[in-house]
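The values are calculated or read from the model by the stated rules, or taken from the named source; none is laboratory data. Model, not experiment: these values are computed from the prediction. When we count neighbours, we look across all protein chains shown, and the Cβ atoms used for this are built from the backbone with ideal geometry, even at glycine. What goes into the accessible areas is simple: the full protein's heavy atoms, side chains included, and nothing from ligands, DNA or RNA. Shrake-Rupley method; radii C 1.70, N 1.55, O 1.52, S 1.80 Å.
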Amino acid sequence: NTLDQLNAKQLRLTASIARGEALKSQRSELRGQAMEVAGTGAALGAPVVQSMKTAINFQDQTRDIAITGGFDPAQEARLSMAMRGAALKWNQTQTDVAKGTAVLIAGGIGNLKELSAYAPVMAKTATATRASMDHLGAVAIALNDNLNIGAAGFERSMNMLAFAGKSGQFELADMAKW
């Protein structure tokens, strides 16, 4: 009788240990799955967070340009669409196009129509020559102030300057300075 009771206790203890091991294994597996889900969430969420940061930076730059240029919200929206369109068409970032436009505003070019005309040409030139939008904005200001070449003649001038730069005569980034 005592052996039967001891045997029953041993069986219950063995079953309890087996259940404990099974639960431990399940917890470990769940922890691993949770870490995998967390890692996947972070990997998928990172581009979304970066996109939001980029959009916020672009909106902030556009707002600064609008304040400096004295634009109303409708004009700000038109300029924003022009800069976004130029960035998309010529493979530039929106924030880079906004930087170039900010240089134009700071240099005294404040007409919305002219800014909308400069943005795609600067983006196109930046893609073709690998010049920064800051340098291209400075070149646009120099052409406008020193040679009276406005938005209408800017693309032709940039084509000539890019040709001169590619033929080794002058670096496009140095053109505004000189």
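Give, as ranges by residue number, the residues of region 72-116 whose backbone N falls under 20 Å from the point 7 Å along Cα→Cβ of Arg156. Counting only backbone N, you get 114-116. Here, region 1-134 has an Rg and a Dmax of 31.4, 104 Å when only alpha carbons are counted. Simple rule: put +1 on each Lys or Arg Cβ and -1 on each Asp or Glu Cβ in region 24-137, find the dipole, and look at Thr101, Leu112, Ala87; the Cα lying farthest toward the positive end is Ala87.
Using the Cα centre as the reference, give the magnitude of the dipole from point charges on the C-beta atoms of region 20-155 (Lys, Arg: +1; Asp, Glu: -1; all else neutral), rounded to the nearest 20 debye.
300
Here's the picture: charge each Lys and Arg Cβ at +1 and each Asp and Glu Cβ at -1 in the chain, and of Gln26, Met158, Asn7 the one pushed furthest to the positive end of that dipole is Asn7. In this view, the solvent-accessible surface of Glu171, computed with a 1.4 Å probe and all protein chains in place, comes to about 120 Å². Stretching the chain fully between Asn148 and Arg84 yields a gain of 20.3 nm (0.36 nm per residue, less the alpha carbon separation).
Residue ranking by accessible heavy-atom surface, 1.4 Å probe, largest first, among Ser116, Ser25 comes out as Ser25, Ser116.
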